[in-house]
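Report on the following structure.
Please treat every number below as a calculation from the coordinates, not as lab data. Computed from a prediction, not measured in an experiment: that's the story for all the values here. Every residue, glycine among them, receives a Cβ derived from its backbone with ideal geometry; neighbour counts consider all protein chains shown.
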Amino acid sequence: MTKREEVTRYLDQLLDSARFKDYCPNGLQVEGRPEIRHIVAGVTANQALIDAAVERGADTLLVHHGWFWRGEDGRVVGLRKRRLQTLLANDLNLIGYHLPLDGHAELGNNAQLAGRLGWIPDGRFGDQEIGWLGRPQNPLPLGKLGRDIALSLGREPLVIGEATRPVARIAWCTGAAQDFFDEAIAAGADAFVTGEISERHVHTARESGVAFIAAGHHATERYGVQAVAMNVAARFGLRCEFIDIDNPV
């Protein structure tokens, strides 16, 4: 049995959450039971994940995409009311970490994605150094890089670029980081990997000769929250499970 404050304090320190300027609050977002025994981890705090946590008897949700985003409608109505009502009725804690979970050097989304694909990180770029730079273990054609990503993530990525183009330098940032593309080009990348793509980036890729791979927002961000959850579970002796609510984006 572990006090909620012990877990949140540990996570704040582990992920250095105070360092980041973010679009949402990081840490405890909705207060539930004061003691934590069973954590359900997931990418996004949607109704399906909340319901699954309730069914499994969890007391805490740990997510990457939590609530209370800057600029969104703050009224508690409709689906927002239902989500919050389910949390409060079941005394569930909601703990969320956004940019801190992207940026952690070992447990973060970018680190975990690199580990799965065998990329060797050697630099950072972009706002708050969220973007990562590195290289594959050996240079490879763009088509092979796309196939490796598909096999690892279980999702076919959108690849903009010539399949035969050699890739020796990769820039990546999980999620919706398509606006880092220009900086990735300036950093000397042969290919940029993120979750989503905007219409204009197709033209940028074609005209710059730097490939763009949109590998899925959800698909690229499944692994950091799992790594952090396992770390917390081991640290405090808690029960922890990851539930993947599929999202094709």
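Here the Debye sum runs over all C-alpha atoms of segment 49-103 as equal scatterers in vacuum, and log10 of I(q)/I(0) at q = 0.13, 0.19, 0.22 Å⁻¹ comes out as -0.36, -0.73, -0.92.
For the chain, find the longest principal axis of its Cα atoms and tell me its angle to the long axis of helix 223-236, 0 to 90°, nearest 10. The helix 223-236 is inclined about 40 degrees to the chain.
Where does helix 199-208 land angle-wise versus the long Cα axis of the chain, in degrees 0 to 90, nearest 10? Long axis of 199-208 versus the principal axis of the chain: about 40 degrees. Would you give the gap between the C-alpha center of segment 62-121 and the C-alpha center of segment 185-249, rounded to a whole Å? For segment 62-121 versus segment 185-249, the Cα centre distance is 14 Å.
Here's how it looks for Arg124: its modeled amide H is under 5 Å from those of Leu133, which are all 5 or more places away or on a different chain. Rounded is the label for segment 109-217, because the ratio a/c of its alpha-carbon gyration tensor axes (a ≥ b ≥ c) stays below 1.5.
Just to be sure I understand: of the beta bridges DSSP finds with both ends in segment 109-217, what percent are antiparallel, rounded to 5?
On the way: 13 of 20 bridges.
Percent antiparallel among DSSP bridges in segment 109-217 is about 65.
Using the rule -39500 (n - 2.57) for each DSSP H run of four or more residues, divided by the residues of the chain, the 222 nm mean residue ellipticity is -10500 deg cm²/dmol. Residue ranges 33-46, 119-132, 66-79 sort as 33-46, 119-132, 66-79 when ordered by packing (mean number of other C-beta atoms within 10 Å per residue, highest first).
Here the alpha carbons of segment 157-198 define both size measures, Rg and Dmax, at 9.9, 26 Å.
Just add up the charged neighbours of Pro34: K/R +1, D/E -1, any other residue whose Cβ is under 11 Å from the Cβ of Pro34. Present the calculation step by step, with values, prior to reporting the outcome.
On the way: positive: Lys3, Arg4, Arg33; negative: Glu5, Glu6, Glu31, Glu35, Asp59, Asp91.
My count for the surroundings of Pro34 gives -3.
Chymotrypsin sites (Phe, Trp or Tyr not before Pro), restricted to segment 1-33: which are DSSP loop and have at most 15 other Cβ atoms within 10 Å? Passing sites in segment 1-33 are Tyr23.
With a 10 Å radius around each residue's Cβ, average the other Cβ atoms per peptide and rank 56-62, 11-17, 1-7, highest first.
On the way: 56-62: 21.7, 11-17: 17.1, 1-7: 14.3.
Highest to lowest by the protection proxy: 56-62, 11-17, 1-7.
Across segment 213-219, computed HN-Hα scalar couplings (Karplus, 6.51 cos²θ - 1.76 cosθ + 1.60, θ = phi - 60°) run 10, 9, 9, x, 4, 5, 4 Hz from first to last residue, x flagging Gly and Pro.
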